[in-house]
Amino acid sequence: MRRRSGGDEARVRARATIAFLVIAGAGAGACEGKKEAASAAEAGASAEAGTTAPRPTTTTTTTTTADAGPACKIMASEGGPVATADATAWLDVAAKASFTVRTLESGRELRFEGPGRVRACGDDVALVADGSAVGLPGSGEAPGAEQWVATACGVARWASGVHRFAGGRDACKLQSSLGATHIYVPDDVTADEVAVDGGAPLPAPAPAAPSDAGTTPTWRRIDAKTAFRLQGRGALDTPAAVKNALVACERAAQAVAAAALKMSSHDAGGGSLGELAAESVASRGLARAACAVAAVRVALAGSKPADQTRLEAANSRWRSGARDR
């Protein structure tokens, strides 16, 4: 065997040292790689968690026509409120003054004449405590798009034509010159047909007898050129009259809730689903009318907080169809 020289042994030791350093470096690199991989995995998990975690939500208040009524604004004024006035609030109209509002969605226009106090755009029904509301032909008329006007004496609705509804604290007058209208008369108000020129009551045909207290008033259709005087059995801004209107509003709201319950449970009671749907629509129309009358009377009586609270609760109930449990 050949003996290694000192130079050979030195070279062997050098190679061994180099090999050791290479292996050690590889091991360290592997450990470092594992750490980097772990860090990358953690970062990836954090990123994934960040994308899948629930994001903070922003609550946006949306005003609907069922809650606030159709948006409208003052388009013209002759001695009445200025164009920038808040038409969703009660506005005073001076004698011989007038102003016109337009519903932005439908384009329908309604003119208000003084002296009076009205709430033109606060809801889906124009409210007239005093003064007159006048509907003119050709202003936003469309199938299914009706104009509703409420006074302390009742509610009128029409799809087209020329109509004037004057409100007051104890009596009101509805005059139709063209087109059909429907009127809702509360059970403490009588409706008598009069001559269009404001003369004495017509002898015939006799108007329908007023509803008994506690019964549900219905709509009455009026065609052609006709005038009606709606008379309260007393002043309509008294506590008794306000209470009667609020009770009627609350009962109508309950009827809407009952109809909604039937629809949801499919309790037709021998009737079809279509009949239930018709009942629901009819009950909502009566509730809208009854609560609009109550709103006018509450305003005439000074908008007492207790009355306003009852009115808002009933309005909320019939609009949502909620039922007390």
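A short reminder: the numbers here are calculations on the coordinates, not readings from a lab. Since this is a predicted model, take the numbers as computed values, not measurements. Here Cβ is always computed from backbone atoms with ideal geometry, including for glycine, and neighbour counts include all displayed protein chains.
When the charge dipole of the range 245-316 is built from unit charges on Cβ atoms (+1 for Lys and Arg, -1 for Asp and Glu) and taken about the Cα centre, the candidate among L246, A301, S272 whose Cα reaches farthest toward its positive end is A301. If R0 is 45 Å, the Cβ-Cβ spacing of L178 and S303 corresponds to a FRET efficiency of close to 0.80.
With each label modelled as a point 7 angstrom along the Cα→C-beta vector, the T84-A195 pair spans 4.9 nm. Evaluating 6.51 cos²θ - 1.76 cosθ + 1.60 at θ = phi - 60° for every residue in the range 281-290, the Karplus couplings come out as 5, 5, 5, 5, x, 5, 5, 4, 5, 4 Hz, glycine and proline recorded as x.
Separation between the A224 and E275 pseudo-spin-labels, each 7 Å from Cα along Cα→Cβ, expressed in nm? The modelled label-to-label distance comes out at 3.5 nm.
Distance between the 7 Å Cα→Cβ label points at R251 and A235: 2.5 nm. Rounded to the nearest whole angstrom, the semi-axes of the ellipsoid equivalent to the range 110-179, taken from the Cα gyration tensor as √(5λ), stand at 19, 12, 10, largest first. Amide H contacts under 5 Å for K73: R102, L104, restricted to partners 5 or more places along the chain or on a different chain, H placed in the peptide plane at 1.01 Å from N.
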